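Q: Just dropping this structure here.
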Amino acid sequence: MTDIASVKETLRSQRIETPSWGYANSGTRFKVFPQEGVPRTPQEKIDDAAMVHRLTGVAPAVALHIPWDRVDDFGDLAKHAAEQGVALGTINANVFQDNDYRLGSVCNPDPAVRRKAIDHLLECVDVMDATGSRDLKLWFADGTNYPGQDSIRARQDRLAEALHEVYDRISEEQRIVLEYKLFEPAFYTTDVPDWGTSYAHCLELGPKAQVVLDTGHHAPGTNIEFIVAFLLRAGRLGAFDFNSRFYADDDLMVGAADPFQLFRILHELVQAGALSPASGITYMLDQCHNIEAKIPAVIRSVMNVQEATAKALLVDMGALAAAQREGNVLAANAVLMDAYNTDVRPLLAEVRTDAGLDPDPVAAYHRSGYFERIRTERATGQQAGWGA
Ligand code: LRH
Ligand code: MN
């Protein structure tokens, strides 16, 4: 029988990191639709992340993206975050927006461009030293668009050389988390296209290098929970970029497009006891709210992760193990579907109420007047986006 008290305890101790860029303007190559009340500074992004934490109780850290969140004094920024009740989390490097990176950053054929890219990665480690962040998240847009454009092998050598230099720079408390992505913006080869490539580079580097699994970065039909189970077994699953998609890297709210897939992923994590902060896995949202109101979208996304987690925690593991042992396929599947088909919203409302929070964080947000306040306060000035 499932121990509801421990389920509630696990839900209370869940930690979801929200992305600073999820609060800023974002869009597609076709259009970026600005929204009222959007932050203008990293401080205001952090304020919005803190509001999400105040309402959900499980989002105590905000990830930064450099240079989008560059400030003169990151120590000050960390103080501002602490005053707001949140911590600065994963530091995301950005070697995908500079004109020099047309043919790649750390994989670029030009050693001067590679040097420039590596120097940015090293600058991000300096930022981590100032913010107290543990993880340097590396995603490379690097790749080619046409066969013959460059040597696939040589680009891997360049990538490994850059990763080793950064790996040697990070401290014993810090980690490199290496993200993979099947394609986009490159459309023929991507230099870190899949979990296997990231895993292999992490093994080559050492124990401080782990794989980031972005749920939107796989070929359609990929069994993501298999990758989760495999990397958990290998002890190399460092972080998640949670979002959802119908087609490509859509960066939609996690759980919106395929809540059953999210449940299956959480089922693997629960079985491995990988939810607790002690597991060392960072659970981050990596989303773009191109047309929907941003703060309620982040709150809804946190709730979607909580719902998938609660359902996974309600799986009767004893009955499942027995059915699997007996080879009773239908019974085993039924155990999982029973949990998935359980309405966990009353349980989560209780967990929030027990924690002194409103059982419905989205409704609480709309009642708070926060949006009306920021809409007025932030009516002037340059809104933040992917540009700056
Ligand atoms: C690349 C990515 C990466 C981030 C960016 C915002 O698609 O997933 O994690 O740097 O989105
Ligand atoms: Mn990502």
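The values are calculated or read from the model by the stated rules, or taken from the named source; none is laboratory data. Predicted model only: the values in this text are computed from it and were never measured. Counting neighbours? That spans all protein chains shown, and the Cβs are built from the backbone with ideal geometry, glycine included. Remember, those area values only see protein heavy atoms, side chains included, never the ligands or the DNA or RNA. Shrake-Rupley method; radii C 1.70, N 1.55, O 1.52, S 1.80 Å.
Q: Do any residues in region 240-262 that are without any contact (Cβ under 8 Å) to a residue 24 or more places away in the chain and open to solvent by 30 Å² or more (accessible area, probe 1.4 Å) have Cβ atoms under 6 Å from those of residues that are more than 15 Å from ligand 2 (Cβ to nearest atom) and outside any strand (DSSP E or B), where the two are at least six apart or on different chains, and which pairs are they?
A: Sorted first by the residue in region 240-262, then by its partner, the pairs are Phe246/Ala257.
Q: Within region 140-150, can you find the residues that are surrounded by 20 or more Cβ atoms within 10 Å (Cβ to Cβ), more than 16 Å from Pro111 (Cβ to Cβ) and either of a type outside the set (Val, Ile, Thr) or within 16 Å of ligand 2 (Cβ to nearest atom) (or both)? Walk me through it before giving the result.
A: Looking only at region 140-150, we keep the residues that are surrounded by 20 or more Cβ atoms within 10 Å (Cβ to Cβ), and these are 140, 142-144, 150.
From what is left, the residues that are more than 16 Å from Pro111 (Cβ to Cβ) are 140, 143-144.
Passing the criteria: Phe140, Gly143.
Q: Can Ile91 be described as assigned to a strand (DSSP E or B) and in contact with a strand residue (DSSP E or B) (Cβ under 8 Å, 6 or more places away or on another chain)? Explain how you work it out, then say what you get.
A: Details: assigned to a strand (DSSP E or B): yes; in contact with a strand residue (DSSP E or B) (Cβ under 8 Å, 6 or more places away or on another chain): yes.
Judged against the criteria, Ile91 is a match.
Q: Looking at region 273-314, which of its residues are within 17 Å of the chain's Cα centre (by Cα) and of a type in the set (Lys, Arg)?
A: Once the filter is applied, which keeps residues that are within 17 Å of the chain's Cα centre (by Cα) and of a type in the set (Lys, Arg), region 273-314 yields Lys294, Arg300.
Q: Mind checking which pairs have a first residue in region 1-26 that is of a type in the set (Phe, Trp, Tyr) and a second that is part of a helix (DSSP H, G or I), Cβ under 6 Å, 6 or more apart or different chains?
A: Tyr23/Lys45; Tyr23/Asp48; Tyr23/Lys294
Q: For residues that are touching a residue at least 40 places away in the same chain (Cβ under 8 Å) and open to solvent by less than 20 Å² (accessible area, probe 1.4 Å), scanning just region 171-188, find the one that is farthest from ligand 1 (Cβ to nearest atom).
A: Selected residue: Gln174.
Q: I'd like to know if region 263-274 contains one or more residues that are touching a residue at least 24 places away in the same chain (Cβ under 8 Å) and farther than 26 Å from Pro60 by Cβ. Give the steps one after another, and end with the answer.
A: Filtering region 263-274 for residues touching a residue at least 24 places away in the same chain (Cβ under 8 Å) gives 263-272, 274.
This time we only want the ones that are farther than 26 Å from Pro60 by Cβ, so: 264.
Within region 263-274, one or more residues are touching a residue at least 24 places away in the same chain (Cβ under 8 Å) and farther than 26 Å from Pro60 by Cβ.
Q: Report, by residue number, each residue of region 151-170 that is assigned to a loop (DSSP other than H, G, I, E, B) and open to solvent by 40 Å² or more (accessible area, probe 1.4 Å). Outline the logic, then answer.
A: Step one: list which residues in region 151-170 are assigned to a loop (DSSP other than H, G, I, E, B), which gives 151, 170.
Correct list: Ser151 only.
Q: Moving on. What are the residues in region 316-345 that are open to solvent by 80 Å² or more (accessible area, probe 1.4 Å) and of a type outside the set (Asp, Glu), if any? Reasoning before the result, please.
A: Taking region 316-345 as the starting set, the residues that turn out to be open to solvent by 80 Å² or more (accessible area, probe 1.4 Å) are 324-326, 329-330, 333, 338, 341, 343, 345.
Once the filter is applied, which keeps residues that are open to solvent by 80 Å² or more (accessible area, probe 1.4 Å) and of a type outside the set (Asp, Glu), region 316-345 yields Gln324, Arg325, Val329, Leu330, Asn333, Asn341, Arg345.
Q: For Ala364, indicate whether it is at pLDDT 95 or above and open to solvent by less than 30 Å² (accessible area, probe 1.4 Å).
A: Numbers: at pLDDT 95 or above: yes; open to solvent by less than 30 Å² (accessible area, probe 1.4 Å): yes.
Yes: the conditions hold for Ala364.
Q: Got a sec? Which of Leu213, Leu231 is within 16 Å of ligand 1 (Cβ to nearest atom) and open to solvent by less than 30 Å² (accessible area, probe 1.4 Å)? Reasoning before the result, please.
A: Numbers: Leu231 fails: within 16 Å of ligand 1 (Cβ to nearest atom).
Criteria check complete, one pass: Leu213.
Q: Return the pairs, sorted by first residue and then second, in which the second residue is more than 14 Å from ligand 1 (Cβ to nearest atom) and open to solvent by 20 Å² or more (accessible area, probe 1.4 Å), the first residue lies in region 210-230 and is on the phi < 0 side of the Ramachandran plot and of a type in the set (D, E, K, R), the beta carbons are less than 6 Å apart, and the residues are 6+ apart or on different chains.
A: So the pair list comes out as Glu225/Arg264; Glu225/Glu268.
Q: Name every residue in region 274-286 that is modelled with pLDDT of 95 or more and either open to solvent by 50 Å² or more (accessible area, probe 1.4 Å) or within 13 Å of ligand 1 (Cβ to nearest atom) (or both), in order of residue number.
A: Selection gives Thr282, Met284, Leu285, Asp286.
Q: Filter region 207-253 for residues that are aliphatic (A, V, I, L, M), in a loop (DSSP other than H, G, I, E, B) and within 15 Å of ligand 2 (Cβ to nearest atom) and give the result. If you could, list the steps in order and put the result at the bottom.
A: Just the residues of region 207-253 that are aliphatic (A, V, I, L, M), to begin with: 209, 211-213, 219, 224, 227-229, 231-232, 234, 237, 239, 248, 252-253.
Those still in the list that are in a loop (DSSP other than H, G, I, E, B) too: 219, 248, 253.
Ala248, Met253, listed by residue number.
Q: Now a separate question. Quickly run through region 275-289 and pick out the residues that are assigned to a loop (DSSP other than H, G, I, E, B) and either closer than 18 Å to Arg12 by Cβ or not charged (D, E, K, R) (or both).
A: Residues of region 275-289 that are assigned to a loop (DSSP other than H, G, I, E, B), as a first pass: 275-276, 280-281, 286-289.
Matches in region 275-289: Leu275, Ser276, Gly280, Ile281, Gln287, Cys288, His289.
Q: Related question: Does Asp358 satisfy the criteria of being outside any helix (DSSP H, G or I), among the acidic types (Asp, Glu) and free of Cβ contacts under 8 Å to residues at least 12 places away in the same chain?
A: Working: outside any helix (DSSP H, G or I): yes; among the acidic types (Asp, Glu): yes; free of Cβ contacts under 8 Å to residues at least 12 places away in the same chain: no.
Spelling it out, it is not the case that Asp358 is outside any helix (DSSP H, G or I), among the acidic types (Asp, Glu) and free of Cβ contacts under 8 Å to residues at least 12 places away in the same chain.
Q: Mind telling me which of the residues Gly37, Gly75, Gly104 ends up being more than 26 Å from Gln382 (Cβ to Cβ), at pLDDT 95 or above and over 17 Å from the mean Cα position of the chain (by Cα)?
A: Just a single option satisfies the conditions, and that option is Gly104.
Q: What is the residue count in region 198-209 for residues that are open to solvent by 30 Å² or more (accessible area, probe 1.4 Å) and either within 16 Å of ligand 1 (Cβ to nearest atom) or free of Cβ contacts under 8 Å to residues at least 12 places away in the same chain (or both)?
A: Within region 198-209, the subset open to solvent by 30 Å² or more (accessible area, probe 1.4 Å) is 199-200, 203-204, 207.
Filter again for either within 16 Å of ligand 1 (Cβ to nearest atom) or free of Cβ contacts under 8 Å to residues at least 12 places away in the same chain (or both), leaving 200, 207.
Of the residues in that region, 2 qualify.
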